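The values are calculated or read from the model by the stated rules, or taken from the named source; none is laboratory data. Keep in mind it's a predicted model, so treat the numbers as computed, not measured. In this analysis, Cβ positions are derived from the backbone assuming ideal geometry, glycine residues included, and neighbour counts consider all displayed protein chains.
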Amino acid sequence: MQALYHRLKALFPLGELTEQRENLVFVTVDAAHLRSLLLQLRDIEGFTHLVLLTAVDWIETGEFQLTYLLGNRAKRQDIGVRVMLSREQATMATIHDLWPTAATYQRELREMFGIDFPQSPGVNEEFILEGWNDIPPYRRDFNTLDYAEATYNDRPGRESRDPATYMREKLYGEGH
Amino acid sequence: MKPELEKRIVKGPDGFEFEVDPIRDYFCETPPTVMTAAYSAIIEKLFNWARAESIWILGFGTGCGAIEMRPLMTPRFDAYRYGVQWRPTPRQSNLFIISGYLSVKTLKRVIRSYEQMQNPKYVVGLGSCTINGGMYWDSYNTIKRLDDYLPVDLYIAGCMPRPEALLAGIVELKKIIRAGKAEGANIYAEKFEWYKANQKRVIHDWDMPDYNW
Amino acid sequence: MAYQPDRSQYPQRRPDGTLDIDLTSGKYLKLWQGPQHPGITGNMSVELTVCGDEVVAGKTHVGYLHRGFEKLMERRTFIQCFPIVCRICVPEPDFNEYCYAAAVEELAGITSPERANWIRTLILEMGRINSYMMYLGGQAGSLGQGVIGQWTTYARDLMLDRFEELTGARIYHMFILPGGVRDGLPEGFKQRMEETLKEIESILKDVYNVMYCNAVFKKRTVGIGYIDPQLLDSYGITGPTARAAGVAKDVRRDQPYLVYDQLDFEPITGKDSDIYTRADVRRRDLLMSVDLIRQILAKMPDSGELMAKLPNVLHWQIPRGETYIRGECSRGEYGYYLVTDGSGYPRRVNVRGPSYTHAVALLERLIVNINIADVAALMVSLHTYPPEIER
Amino acid sequence: MQFDWMQIPYSLLTLFIVLNYGMLLNALIAKIAARVGRRHGIPIWQNYADLLKNYGIRSSITHGVMFYLGPVFRLAGGVGLLLFVPTIFGSEMFSNLSFAGDLILALYFVFFGTLGMALGAGESGHPHAAIGVSRGLSQVTTAELPFALAVFAVALQYQTLSVTDIVAAQQGGFLNWTLFTNPFAVAAAMLGFLGSMMRPPFDVVLAPQEIPIGPPTEYHSSYLALMQTNRMIFPIAKIVVYMNLFFGGAASWPVFFIKVFFIYMVSVLVGVVFPRFHVEQSVRWFLVWAVPFGIIAVLMV
């Protein structure tokens, strides 16, 4: 995988290489070079299989991380391409013309994270939620417990405990 | 409101133009009424016996509980012995088994299916998630109490309830029906305003008439 | 002479590529297949636009089963996530447990013991048999052959008995947890498993005779729902659907996990890539699973550790990192993408279910120009389970 | 032919017997089908409970006049078919309202219910119902074709249009049955029979997995109960016609019960293990396999 990294490094401004396993690495690239990197990986290096496309919300630094995970079946390798986006202006170029199935992922990201992919087919249609009127739910600043308590009625009598405290008190006797 | 549900002028195949208001034209908006029992107590008893012995379940697997429905109807458990069978259309079914958690999007479809069923109709909540949210108590997309939105006759607890539990639940439901206490449809009609208010509070995308059958 | 539908009435395409469908013209009809529909694979729906008896456009609607797992797991500790992950996919929950456990182990630097790996493999193969049994019943049922569903559900019940014996539960086993597995094999398990496998083989023989050799079944499935092998990569097609197109995509062989490198098997492939071939590949895959279970039971060590030593799970923190773990489930590549940030909670979990690509982008493409009667069969033949699309 | 008023209560008695027999027979058939699937199956009195329950449903909605009339037509088709052919040969009581030209009337009644149903289901406005109706009519029409040819062959063979006379000609040992005197006609008719029983492989009309459940999608409560009643009577009535034309009729009730059971079982045993045909596939199947038999039968006579 090091050889691959050096080949790519000569062509694109890549960030650090994170070697997770011997056959799985992650690299960072800026949004402008993503498309040409993906094309290089798909057409020349043989990473033809788009495994997944997802996002991670790093709210502390105000960034979204988009992860494009590509697989090369012949060489048994995977590479994850990370792209950092600003949380304020979360817009990214679409790749649905490279992999048609990416349109689905982009629809989901638009709905669940609020990341826009202009020109991706049907990207603004509702995908999973219906009539959602809050901030996109997978963002870190959306609190699902508060939302559920405010929206849905509880049945009286249900108790819930924090497991750590409960186990400390009941099982391990640490509380006493 | 979706564009296809808005009032508009359409041109028919024969060239005439006419106005269409889909929500009003395609559905009936009359609220449900309380249906009284038969005049004679004996006949009502006979009907209750028949209702208990012939339970037609709506084939709508709303959640993961649907996976245990197939074993229920196959050799090991064979619910046909109890007069239970599937119907694919809500018009002909009497029992709605809410098989697990209901997301808001499904709740809307469940309400529509429920309202299309004919009086008397029964609802069984299957799984802990219909009782108080179960595993999904803090989820933003699943309701916690089913009986806020539909009149429930019986709950079967568990995650996931075994087919034996489901069979026991059906037998228990038969007792309720035979005793003439399964009047969920009438309760729904009586407390219609309350149920509708609850439903509308959760379903933000309300683009159907209040009652449709 | 082959049947040639009349396509003169079909909709034109507008310049932007969308179909010009005027519903008021009376030529087209909108049909919703689902969510309340017996011919749908679970709680999802397909919006069909039909012209006569043929579908001219289809659109998948999902989200009826969305519980927000990926959000819920962000507010649960690593060990609290373990009991809920299996709820993501009902018919084959074990892959969630395995992928999640393996991802946590990799980021936390734990290795699960050898014997636990054998038991994990055993459970995954048992789950695969269950899932295929559901599929066989569904595929025959979608064409109106209800009796196959009865037989295979009976066989599945037998397998669920073995699951119950091993794990204590029928559907949600919660057996594979980060660090290892909960328990070893009970007394006499191997022998009862062998009996179950024999019974399953005999039922499969019946199924083969009644379903695969049936002229009507062939007539309804051969040549329908063809997937071009060139589409495999662009649509992310994996699993038996890809293998039926002649590409031996099998994670068990491509990137062996657990103990698959010690087992003797070859990925099953087909040639014709239609509904019949997919059904046949799955049947042969099922038989291969039966064989794999026999190999596992023969080769597995009888004693040894079952759990690696875990830190105090109440204060378990995993350093920052990200990984992707995949496995070959009965429908294709199942994967977990886990990101940790050094706290006691996962930062982000993303589940890659094979149905995600099969049921949305691929189905919308394949569904065009087929008869309404074949929609259910086509959908079942892609073996989609909605909960893994929307989680 | 003079009309005897006593025939009316007698034929109502026939109707009653056939209704109950149909209820039990259908349950028995369901049990047999369940046994193939290794199940125990429904209780034998299940159909009574279902029927009673559907009559006992309190609310019902309508989609228009034809929606009311659909089930009525359907039931009229079943009852009419039963009443105008002799059920028990040689019995004063159970010859019903049969007359000299009843064969033509019977042919008409076989189709009558389907047409009524088509009108009613079309009125319900449900797209599945409309699709089911169009499938049903095209399939029933082609299934009728071999049957009609077989009936012509039989009518030519015995030179009569009266069912009673045809049965009379077949008496005296089973070698006199049309089954043996004109096997091609019987083959054509039995293939058509498979198609008109709405069992796999020819149940694309109902097809729960595709168009749940075809024409009756919108029917419920009492409407459905009427149709259920018809489903108990109509197959039996149809089998009575077949029995009279091809299998020597029945001279007493026990013979009647046994013959009907076995003829019914033909369609059941074929149906249990088969998936269903497409409409165009089944149409082609009838044209390729059943119709030639019918033509041969007509030519041979």
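Within region A:78-91, residues that are closer than 24 Å to C:Y336 by Cα and free of Cβ contacts under 8 Å to residues at least 60 places away in the same chain have Cβ atoms under 6 Å from residues that are acidic (D, E) and in a strand (DSSP E or B) in these pairs: A:M84/A:E63, counting only partners at least 6 apart in sequence or on another chain.
When the residues of region B:127-151 are filtered to those that are outside any loop (DSSP other than H, G, I, E, B) and at the interface with chain A (Cβ under 7 Å from one of its Cβ atoms), the one that is nearest to the chain's Cα centre (by Cα) is B:D148. For the structure I just gave you, tell me whether A:A31 is more than 26 Å from C:G353 (Cβ to Cβ), of a type in the set (G, A, S) and within 18 Å of the chain's Cα centre (by Cα). Taking the combined requirement at face value, the residue satisfies it. How many of the residues in region B:196-213 are within 13 Å of chain A (Cβ to nearest Cβ), under 17 Å from the mean Cα position of the chain (by Cα) and not β-branched (V, I, T)? Residues flagged as within 13 Å of chain A (Cβ to nearest Cβ), under 17 Å from the mean Cα position of the chain (by Cα) and not β-branched (V, I, T) within region B:196-213 amount to 4. A count restricted to region A:101-137 and to residues that are assigned to a loop (DSSP other than H, G, I, E, B) and of a type in the set (D, E) stands at 4. Residue count for region C:292-306 satisfying the condition of being without any contact (Cβ under 8 Å) to a residue 60 or more places away in the chain and surrounded by 16 or more Cβ atoms within 10 Å (Cβ to Cβ): 1.
Within the set of pairs 6 or more residues apart or between chains, which connect a residue that is touching a residue at least 60 places away in the same chain (Cβ under 8 Å) and over 21 Å from C:C99 (Cβ atoms) inside region C:364-391 to a residue that is of a type in the set (A, V, I, L, M, F, W, C) and assigned to a loop (DSSP other than H, G, I, E, B) with Cβ atoms less than 6 Å apart? Close Cβ pairs satisfying both conditions: C:D374/C:I224; C:A377/C:L143. Residue count for region C:70-80, restricted to those that are surrounded by fewer than 22 Cβ atoms within 10 Å (Cβ to Cβ), of a type outside the set (D, E, K, R) and part of a helix (DSSP H, G or I): 2.
Of all the numbered requirements in (1) modelled with pLDDT of 85 or more; (2) within 14 Å of chain D (Cβ to nearest Cβ); (3) buried (at least 24 other Cβ atoms within 10 Å of the Cβ), C:S45 misses one, and that requirement is (3).
Yes or no, residue by residue, for (1) touching a residue at least 60 places away in the same chain (Cβ under 8 Å); (2) facing another protein chain (nearest Cβ under 8 Å):
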position: C:L19; (1), (2): no, no
position: C:Y64; (1), (2): yes, yes
position: C:C86; (1), (2): yes, no
position: C:P113; (1), (2): yes, no
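When you look at C:R192, is it surrounded by 21 or more Cβ atoms within 10 Å (Cβ to Cβ) and basic (K, R), yes or no? It is false that C:R192 is surrounded by 21 or more Cβ atoms within 10 Å (Cβ to Cβ) and basic (K, R).
A quick yes/no check of all residues on (1) small (G, A, S); (2) away from chain D (no Cβ under 13 Å); (3) touching a helix residue (DSSP H, G or I) at 6+ places or on another chain (Cβ under 6 Å); (4) within 20 Å of C:D285 (Cβ to Cβ):
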| position | (1), (2), (3), (4) |
| --- | --- |
| C:N130 | no, yes, yes, yes |
| C:M133 | no, yes, yes, yes |
| C:L136 | no, no, yes, yes |
| C:Q139 | no, no, yes, yes |
| C:G144 | yes, no, no, no |
| C:W151 | no, no, yes, yes |
| C:M159 | no, yes, yes, yes |
| C:H173 | no, yes, yes, no |
| C:G188 | yes, yes, no, no |
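Across region A:18-32, the number of residues qualifying as within 28 Å of C:V104 (Cβ to Cβ), out of contact with any helix residue (DSSP H, G or I) (no Cβ under 9 Å at 6 or more places or on another chain) and without any contact (Cβ under 8 Å) to a residue 40 or more places away in the chain comes to 2. Apart from one condition, A:D78 fits all of (1) charged (D, E, K, R); (2) at the interface with another protein chain (Cβ under 8 Å from one of its Cβ atoms); (3) not in a strand (DSSP E or B); the exception is (3). Keeping to region D:158-174, report how many residues are touching a helix residue (DSSP H, G or I) at 6+ places or on another chain (Cβ under 7 Å) and more than 14 Å from D:F247 (Cβ to Cβ). Matching residues across region D:158-174 total 5. Among the residues making up region A:132-153, those that are of a type outside the set (A, V, I, L, M), closer than 21 Å to C:F69 by Cβ and within 7 Å of chain B (Cβ to nearest Cβ) are A:P137, A:T144, A:Y147, A:T151, A:Y152. With respect to the stated conditions, D:R39 is surrounded by 15 or more Cβ atoms within 10 Å (Cβ to Cβ), within 14 Å of chain C (Cβ to nearest Cβ), in contact with a helix residue (DSSP H, G or I) (Cβ under 9 Å, 6 or more places away or on another chain) and outside any helix (DSSP H, G or I).
When only residues in region B:78-116 that are assigned to a strand (DSSP E or B), among the aliphatic types (A, V, I, L, M) and more than 14 Å from chain D (Cβ to nearest Cβ) count, which is surrounded by the most Cβ atoms within 10 Å (Cβ to Cβ)? The selected residue is B:I97. Screening A:P163 against (1) touching a helix residue (DSSP H, G or I) at 6+ places or on another chain (Cβ under 7 Å); (2) at pLDDT below 80; (3) within 25 Å of C:P387 (Cβ to Cβ) leaves a single unmet condition, (3). Taken together, C:L314, C:L287 contain a single residue that is surrounded by fewer than 23 Cβ atoms within 10 Å (Cβ to Cβ), of a type in the set (A, V, I, L, M), more than 13 Å from chain A (Cβ to nearest Cβ) and touching a helix residue (DSSP H, G or I) at 6+ places or on another chain (Cβ under 9 Å), which is C:L287. Residues that are of a type in the set (K, R) and in a loop (DSSP other than H, G, I, E, B) were ranked within region C:152-197; the one that is farthest from the chain's Cα centre (by Cα) is C:R182.
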